[in-house]
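Asks: I have a structure I would like to understand better, so I am pasting it below and will then ask my questions one at a time.
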């Protein structure tokens, strides 16, 4: 792992857990404590962390969304396997909405190029990936380009979903918790996701284990509005159990062994 990617992963870890010790990080990344100290110094200069005795804490608020590169390296294998499992859920002839985000991008990459689908997305990254699959008809929303995310937001993007009735919608989330349900970093993103959810007959959420129990800035929708959660979190995870009790189907993805098992209510 490059030093840049290691720092991005450390920043994500701090954001999710609040703090971490130098000894813990050195063990996780297989580096010296001196290397971790240098990483934390640079993250402090960038305003992403504040050093404390023996470690560091995050300086990022719940409304802060890490850059897409930083998010893409966090839980990368899990996101890949979750995306692959989600792509397998699609049926020929289906009309679906694919949200923007790092895990949904992995899903777009994993879709069988020979399957005929209609996909609506507000993500230019997802649309570019689908352009390599000639059997897929891709519709891109209007809207304002969100800097650094390559996604479209605003009133025009939201209006694109108003008169649509789709078979399914695949959504990512910054946080998934028992108390707050799905939450997001950004108000504009939340509005688009909510419009997409209202246009889909079946709501499928893609979220890796690090999202479980996390609460971001904006409430999106309660767990009861989800039909299926695709995750690598343990079936015994508190949030996963709460979702199952509400009737949410759970598709559990094991990234190490690449084994998929289904747990339903």
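Asks: Starting from the Cα of residue 137, step 7 Å along the direction of its Cβ; do the same at residue 198; then give the gap between the two resulting points in nm.
Replies: Roughly 2.5 nm, to one decimal.
Asks: Report the extension gain between residue 124 and residue 76 in nm, rounded to one decimal, defined as 0.36 nm multiplied by the number of residues separating them, less their alpha carbon distance. Mind showing how you got there, number by number?
Replies: Numbers: separation 48, 0.36 × 48 = 17.28 nm, distance 2.02 nm.
Contour length minus the Cα-Cα distance gives 15.3 nm.
Asks: Packing-wise, with mean Cβ within 10 Å as the measure, how do 242-253, 175-186 rank, highest first?
Replies: Values: 242-253: 18.6, 175-186: 21.6.
Descending mean neighbour count gives 175-186, 242-253.
Asks: Would you mind checking the radius of gyration and Dmax of region 3-60 based on alpha-carbon positions, in Å?
Replies: According to the Cα coordinates of region 3-60, Rg and Dmax are 9.6, 26 Å.
Asks: Can I ask one more? With angles folded into 0 to 90 degrees, how steeply does helix 187-199 sit against the dominant principal axis of the chain? Use alpha carbons for both and round to 10.
Replies: Roughly 30 degrees, rounded to the nearest 10.
Asks: Which residue, 212, 150, 107, tops the fluctuation ranking in a GNM of the chain built on C-alpha contacts under 10 Å?
Replies: 150
Asks: Related question: Could you tell me how many degrees, from 0 to 90 and to the nearest 10, lie between the Cα long axis of helix 3-17 and the main elongation axis, the longest principal axis, of the Cα atoms of the chain?
Replies: Result, in degrees: 80.
Asks: Return the whole-Å distance between the Cα centroid of region 146-196 and the Cα centroid of region 6-25.
Replies: Between the Cα centres of region 146-196 and region 6-25 lies a distance of 27 Å.
Asks: Then there is this: Work out how much length residue 28 to residue 156 would gain on full extension: take 0.36 nm times their residue separation and subtract the Cα-Cα distance, in nm to one decimal.
Replies: Using 0.36 nm per residue and subtracting the Cα-Cα distance, I get 41.7 nm.
No value in this document is a laboratory result; all are computed from the given coordinates. None of these values were measured; they are calculated from a predicted model. In this analysis, Cβ positions are derived from the backbone assuming ideal geometry, glycine residues included, and neighbour counts consider all displayed protein chains.
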